[in-house]
Each structure stands twice: as structure tokens, then as C-alpha cells.
1. For the range 84-138, give me the residue count where each residue is open to solvent by less than 10 Å² (accessible area, probe 1.4 Å), within 22 Å of F277 (Cβ to Cβ) and not hydrophobic (A, V, I, L, M, F, W, C).
2. Of the residues that make up the range 60-67, is at least one modelled with pLDDT under 95, over 17 Å from the mean Cα position of the chain (by Cα) and surrounded by fewer than 20 Cβ atoms within 10 Å (Cβ to Cβ)?
3. Within the range 104-120, can one find any residue that is closer than 17 Å to T139 by Cβ, assigned to a helix (DSSP H, G or I) and more than 12 Å from the ligand (Cβ to nearest atom)?
4. Any chance you could count how many residues in the range 14-50 are more than 9 Å from the ligand (Cβ to nearest atom), open to solvent by less than 80 Å² (accessible area, probe 1.4 Å) and of a type in the set (D, E)?
5. Specify which of the listed residues (K85, K76) is more than 15 Å from the ligand (Cβ to nearest atom) and touching a residue at least 24 places away in the same chain (Cβ under 8 Å).
6. With respect to the numbered conditions (1) in contact with a helix residue (DSSP H, G or I) (Cβ under 6 Å, 6 or more places away or on another chain); (2) open to solvent by less than 60 Å² (accessible area, probe 1.4 Å); (3) not β-branched (V, I, T), which one is the sole condition not fulfilled by S246?
7. Regarding the range 199-214, can at least one residue be identified that is of a type in the set (A, V, I, L, M), over 30 Å from N271 (Cβ atoms) and within 14 Å of the ligand (Cβ to nearest atom)?
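The values are calculated or read from the model by the stated rules, or taken from the named source; none is laboratory data. Owing to the predicted nature of the structure, the values given are computational and were not obtained by experimental measurement. Every residue, glycine among them, receives a Cβ derived from its backbone with ideal geometry; neighbour counts consider all protein chains shown. Protein only, heavy atoms only, side chains kept; ligands, DNA and RNA dropped before computing areas. Shrake-Rupley method; radii C 1.70, N 1.55, O 1.52, S 1.80 Å.
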Amino acid sequence: MPTILITGGHSGIGIECCKVLASKYKYNLILAGRSPERMENFAKELIKSYGIKVSVLAMDTSSLASVRSGASNCQKMIDKGEVDKLMAIICNAGVRLNGAPTYTVDGYEETLATNYLGHALLLELLVDSIADNGRIVFTASGTHDPDTADGKMMGIADEYDAVGLANTGKGGAKPVSRGKLYATSKLYMILYAYELDRHLRNAGSSILSIAFDPGATSGTGFLRNMPKPVQWLAGSAFMSWVLKKSGVTIGDIKFSGECLARVTADPEYANGSGKYFQTNDGELTERRSSKLSYDEERAIKLWKDTKTLIHIQPNEGSLKLR
Ligand SMILES: NC(=O)c1ccc[n+]([C@@H]2O[C@H](COP(=O)([O-])OP(=O)(O)OC[C@H]3O[C@@H](n4cnc5c(N)ncnc54)[C@H](OP(=O)(O)O)[C@@H]3O)[C@@H](O)[C@H]2O)c1
């Protein structure tokens, strides 16, 4: 049975997505993440409930060394025939941090490293292990778009310089806010998804690169780093009503997870490469992402800066993406 690798599959939207991939689409799964016990427990549940094969892969997306080691272990599993070639990689792990910037072992601001840089490296290392007509799916966010209520609520994503952003707040400089860092990490994911699509098309590849927004979704671990009253309010029916009235995109944990599975596996989205899909109030639709996200010049600069930040080596990276 074909296999799908998902980061952050053992929590929130990822759990619901995995259940649909297993039950409706019958895929085997690789859960990649930094919480071995939670992943093992969820893997057992999936195996018992759906009879699929589930592997667990240690990978902290905020650490370049951990992503390299995880990708290498995944490649070994494929080479040994323990798992089939990948039908998809879902870049779903993500954090919305709070307070002053924190830095990863590589010295990068943690939001940007976790949400964006780790996934970019993972794809560089594993894109050649994706089967023909396979898919790469990015869990982005409507907060990337400053012209929407989602974007205005989170902090405006508009940073051009990824290298500067990864080092924000260092040397006594005023740091970019965490909300803005989150929104910008998601803008970067979408710029990267579209640039990846262009590279894949130029290389004659049949692999798809798709961006997805699950909508503002309560009941996940997303706000776990926010103050308790914010977490409580965000989960209330009142807040859901307020957000809807304010024009914020509304997700639902089960439905958003199902939609992530659909854009990853359903034949209906076989022409979805280079496109942005969004869950809003019970519907999954294709829509335009932010104006900035279509800026090809910006995407090319980001693509190059990203390779610098992830320290891509001459023997790494895919031929398809050069
Ligand atoms: N909920 C929303 O309103 C919303 C809206 C738009 C987009 N999103 C996006 O949807 C995705 C899923 O979020 P969610 O709402 O389901 O939240 P969640 O329950 O907190 O899930 C996030 C997942 O990311 C993993 N993760 C975080 N940091 C990691 C790291 N350094 N290395 C590896 N894995 C890491 C977490 O693993 P651990 O258990 O180890 O922390 C968890 O499995 C995220 O990308 C988020 O940005 C969410």
C-alpha cells in the first residue's frame, strides 16, 4: 500500500487528517515528529482501528540536524522495502509562539525554523522519494494574507528578507512580533509551494505542490503557548461567533482534517498544483492567496535565501529542484 509522510500527524488537525487517509483512502502512514510517545500511541490506535501500517519517525522540524537524520532514516526504510515510495509529504507541523523570540539549535527564530525552514529542508532531501503523481501539501494559514480579517488579527506578514527574519531580535535590535512571525512563516510556505510548483513543472515532474488553509480551528494544540484565558476564550462558542461575524475563516477540527486529507489524496485535486485551497465554514474551496504570495521575484529570492539558511550541501538537494 502506498505511504504518506506527515509532520505533526499525532495532534489536532493532523489526527483527523490521518484518520481519513487511513479509513477512506487506505494509505499507510509515517508519523514524523518530536514526541515519540504520543506518536507511538497514535500509531497503535491507527493500526488497530484501520489495519494500516504506521511507522514513527523522530524529527524535530526546528532542528536542521534532526530533519537530516529523520529524512535519512525515512530513505533507509524505503530502500529496505519497509515502506513503499511516498505518495505524499504533508508539511503540517506548526507552532504559534508567544513572547520574546527564542532561537533554535541552529540559531534561528523558532517559529520560522519550525513552520518553514525544517519543512523546506525535508522536501529538498526527500522529493526524489515521492512517487509519480505524488503530492506535497503545505498546511498554511489564512493569516498570511494582510488583506483579510485573519491576517489583520495575527500580525501583518510582509517581511522580504528571510535571513534577517531568522535572526530577528539579535544584537539588541527590536524583534518582529510573534504574531507577525507566524503569519510570515505561512506566507513563506505559500511562496515556496508556488515556486516549487514552477520548478517541478519546468523539470517535467508529475508531482503536485499544494497549499492549504484549515481555517481558524479550535480544539487543537495550536494556542497552547498562549495565556490560559486566551486559550479558554478561543475555544468558546462566543468567540467562534465573533470570529465568524468579523469575517475570519472558520475551520472545524474534523472537517479541516478531512479537507487536508482530501487535497492530499483525492483525485478531485489532481490538478491542484500551484493552487491554494481553504476550509471555511463547512466548505472546501480553491481561492486566491495574498497578493504578495504571487510575487515571483520575491519567491525566487526566498528560494535562494532558504537554501542558504538550511545549509544545503552540494551532495544534497534534488536534481529536479536545481
Ligand atoms: N488551529 C488553527 O486555528 C490553525 C489555523 C491555520 C493553520 N493552522 C496550522 O495547522 C497545522 C496544525 O496545527 P493544529 O491546529 O492541529 O495544532 P496542534 O494540535 O498544536 O498540532 C501541531 C503539530 O505540530 C507539531 N510540532 C510543533 N513543533 C514541532 C517541531 N519542532 N517538530 C516537529 N513537530 C512539531 C506538534 O507536535 P508536538 O505535539 O510535539 O508539539 C503537533 O503535532 C499547523 O501548521 C498550524 O500552523 C492551524
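1. 4
2. no
3. There is at least one residue in the range 104-120 that is closer than 17 Å to T139 by Cβ, assigned to a helix (DSSP H, G or I) and more than 12 Å from the ligand (Cβ to nearest atom).
4. Of the residues in the range 14-50, 0 are more than 9 Å from the ligand (Cβ to nearest atom), open to solvent by less than 80 Å² (accessible area, probe 1.4 Å) and of a type in the set (D, E).
5. Every option except K85 fails the conditions.
6. Answer for S246: the failing condition is (2).
7. no
Each row is one residue, and each column tells you yes or no for (1) out of contact with any strand residue (DSSP E or B) (no Cβ under 7 Å at 6 or more places or on another chain); (2) under 26 Å from G9 (Cα atoms); (3) of a type in the set (D, E); (4) open to solvent by 60 Å² or more (accessible area, probe 1.4 Å).
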site: I190; (1), (2), (3), (4): no, yes, no, no
site: H199; (1), (2), (3), (4): yes, no, no, no
site: L208; (1), (2), (3), (4): no, yes, no, no
site: A211; (1), (2), (3), (4): no, yes, no, no
site: F222; (1), (2), (3), (4): yes, yes, no, yes
site: M226; (1), (2), (3), (4): yes, yes, no, no
site: L233; (1), (2), (3), (4): yes, yes, no, yes
site: V242; (1), (2), (3), (4): yes, no, no, no
